[in-house]
Amino acid sequence: GQQVLVSRLVDSMRATLLLGHEVDQIHWKPGEVSVRGTSPHENSKQFTFKARTLLVTVPVGVLKSSPMDLGAIRFEPELPAWKRDAISQLSM
């Protein structure tokens, strides 16, 4: 039921929505972000996307994992302490 809402939001922002990609690193600074990972559509081929902004929607467990954990996303530079503190207080 929420697909219509998501589709309209993506269309209104002229954004790209990518689903099912495995992300392992997000390099960010104000006004610029690059995302590195593996594409499920091309035999696990590595990809890098660049954009001005990024909305990350992952399970809480992924956000809470340490950079060395399997399936973790490494943020470069590390997220600010206030964001890490907020993430540590989230629960499922």
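Of everything in the stretch 35-58, what is over 25 Å from Arg14 (Cα atoms) and either open to solvent by less than 80 Å² (accessible area, probe 1.4 Å) or in contact with a strand residue (DSSP E or B) (Cβ under 7 Å, 6 or more places away or on another chain) (or both)? Give them in sequence order.
Ser44, Lys45
Residues to consider are Glu22, Glu76, Glu32; find the one that is within 23 Å of Gln3 (Cβ to Cβ) and in contact (Cβ under 8 Å) with a residue 12 or more places away in the chain.
Testing whether each residue is within 23 Å of Gln3 (Cβ to Cβ) and in contact (Cβ under 8 Å) with a residue 12 or more places away in the chain leaves just Glu22.
Only residues that are under 13 Å from the mean Cα position of the chain (by Cα) and modelled with pLDDT of 90 or more: list them for the stretch 65-78, please.
Answer for the stretch 65-78, where residues must be under 13 Å from the mean Cα position of the chain (by Cα) and modelled with pLDDT of 90 or more: Ala72, Ile73, Arg74, Phe75, Glu76.
Which members of the stretch 31-89 meet the condition of being part of a loop (DSSP other than H, G, I, E, B) and among the polar types (S, T, N, Q)?
Scanning the stretch 31-89 gives Asn43, Ser44, Thr53, Thr57, Ser65, Ser66, Gln89.
(1) open to solvent by 50 Å² or more (accessible area, probe 1.4 Å); (2) modelled with pLDDT under 90; (3) in contact with a His (Cβ under 9 Å, 6 or more places away or on another chain): which one isn't true of His21, the others all being true?
(1)
The values are calculated or read from the model by the stated rules, or taken from the named source; none is laboratory data. Because the structure is a prediction, the values reported are computed rather than measured. Note that we place each Cβ from the backbone using ideal geometry, even for glycine, and neighbour counts take in every protein chain shown. SASA here: full protein model, heavy atoms, side chains in, ligands and nucleic acids out. Shrake-Rupley method; radii C 1.70, N 1.55, O 1.52, S 1.80 Å.
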